[in-house]
Every structure is written in C-alpha cells, then in structure tokens.
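Notes to accompany the following structure.
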Amino acid sequence: MERARLTLVDPAHPPSRKAPLVWAIGAAIPWMMLALAQLIWLALDQRTLWVHGVAAAVTLLGIVLFVVVAPLWRYRVHRWDINLHGGTPAVFTRTGWLVQERRIAPISRVQTVDTYRGPLDRLFGLANVTVTTASSAGAVRIVALDVDVADRVVAQLTDIA
C-alpha cells in the first residue's frame with residue numbers, strides 16, 4: 001500500500017487584520033518602559049549627555065524596528081491553512097519575520113487542539129490556536145485569529161482528528 005504524500009503548499013489564510021496593531025502594542029510596552037527609564041536616568045544624571053543621546057537613538061531605532069516594521073512584516077509573512085483536499089490532510093503554517101519557519105502537521109498526528117488568549121488578544125477579540133502533535137519539533141501555532149475564526153478552526157480540527 002502506498003502512503004499519501006504531503007504536498008508543500010503556501011498557506012493561504014492571513015491572521016486577523018487586527019494582528020499588526022496587537023503585535024505593535026505588545027512590542028511597544030517594553031520599549032516605552034525602557035524610554036521611561038532613560039528619561040528618569042537623564043533627570044537624575046546629566047553629566048554625560050552624549051551617552052544619553054546614544055541610548056535614546058538606539059531606543060528610537062528599536063521602537064521603529066520592533067513596533068512599526070516587525071508587525072507589518074510579520075503580517076505579510078504569517079499564513080495558515082488546513083488542507084483537506086487531496087494527499088494527506090494537514091495543518092500548514094508559515095511564521096516569522098527575520099527568521100521564517102514553515103510547519104506542516106499531518107492531521108493523523110494531531111493529539112490536542114487548544115486556544116490561548118492573552119490580555120491584548122482578549123481586548124482586540126483575537127485568539128491563538130495551538131495544534132499539538134507527536135512531533136519533537138513542538139506544536140504548530142496559528143496566531144492572531146479573530147475569535148470566531150479560531151473557534152471554527154478548533155471545531156474543524158477536533159472533528160477531523
């Protein structure tokens with residue numbers, strides 16, 4: 001008997017349109033805390049202003065990179081799909097921004113399907129789906145889905161698995 005083969009496909013579905021905003025806010029929180037710490041440092045010690053200037057420039061660069069560029073780039077890269085047509089049914093994901101990763105989890109190997117909603121996810125009506133398999137590479141995560149989409153994905157995967 002011949003085994004069905006997984007076909008490498010590009011996942012078609014993006015995260016929610018709210019995802020870049022949620023990712024930006026999540027990244028902005030620690031950067032704003034760092035900026036506040038630098039302002040306190042400047043208020044307490046003004047002897048070496050050039051050091052404060054360098055620290056501020058590095059912080060500003062970090063803010064632009066991690067709060068503006070990274071969330072938009074992640075949105076362009078992140079995709080997910082559940083392929084039930086032809087070949088072996090599987091969950092496909094593509095994630096990352098600087099380092100990108102493609103994951104394929106055959107439905108036959110799915111052990112659990114869970115959702116996770118952090119504080120920002122709840123505030124913006126998003127959810128993350130974690131598909132745990134018998135793989136040593138770990139779970140496959142579908143991030144930043146609208147809650148209704150996440151619920152449908154969980155129901156669909158639970159019915160199939």
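The values are calculated or read from the model by the stated rules, or taken from the named source; none is laboratory data. Bear in mind the structure is a predicted one, so any value in this text is a computation, not a measurement. Glycine also receives a Cβ, built like all others from the backbone with ideal geometry; neighbour counts cover every protein chain displayed. Surface accessibility is based on the protein's heavy atoms, side chains included, excluding ligands, DNA and RNA. Shrake-Rupley method; radii C 1.70, N 1.55, O 1.52, S 1.80 Å.
With respect to (1) free of Cβ contacts under 8 Å to residues at least 24 places away in the same chain; (2) open to solvent by 70 Å² or more (accessible area, probe 1.4 Å); (3) part of a helix (DSSP H, G or I), the lone exception for Glu101 is condition (3). Here the range 62-109 is the region considered, the condition is being touching a strand residue (DSSP E or B) at 6+ places or on another chain (Cβ under 6 Å) and of a type in the set (Ser, Thr, Tyr), and the residue that is modelled with the lowest pLDDT is Thr88.
Being surrounded by 12 or more Cβ atoms within 10 Å (Cβ to Cβ) and more than 27 Å from Gln156 (Cβ to Cβ) holds for only one residue in Leu36, Leu60, Leu49, and it is Leu60.
Mind listing whichever residues of the range 110-128 are more than 15 Å from Asp151 (Cα to Cα), at pLDDT 95 or above and either assigned to a strand (DSSP E or B) or open to solvent by less than 30 Å² (accessible area, probe 1.4 Å) (or both)? Within the range 110-128, just Gly118 meets the criteria.
A residue that is closer than 13 Å to Ala24 by Cβ and surrounded by 18 or more Cβ atoms within 10 Å (Cβ to Cβ) can be found somewhere in the range 73-81. I need the full set of residues from the range 142-161 which are free of Cβ contacts under 8 Å to residues at least 60 places away in the same chain and either over 20 Å from Leu84 (Cα atoms) or surrounded by fewer than 17 Cβ atoms within 10 Å (Cβ to Cβ) (or both), in order please. Answer for the range 142-161, where residues must be free of Cβ contacts under 8 Å to residues at least 60 places away in the same chain and either over 20 Å from Leu84 (Cα atoms) or surrounded by fewer than 17 Cβ atoms within 10 Å (Cβ to Cβ) (or both): Val147, Asp148, Asp151, Arg152, Ala155, Thr158, Asp159, Ala161.
When you check Thr112 against the structure, is it hydroxyl-bearing (Ser, Thr, Tyr), within 20 Å of the chain's Cα centre (by Cα) and over 18 Å from Val22 (Cβ atoms), yes or no? It is true that Thr112 is hydroxyl-bearing (Ser, Thr, Tyr), within 20 Å of the chain's Cα centre (by Cα) and over 18 Å from Val22 (Cβ atoms).
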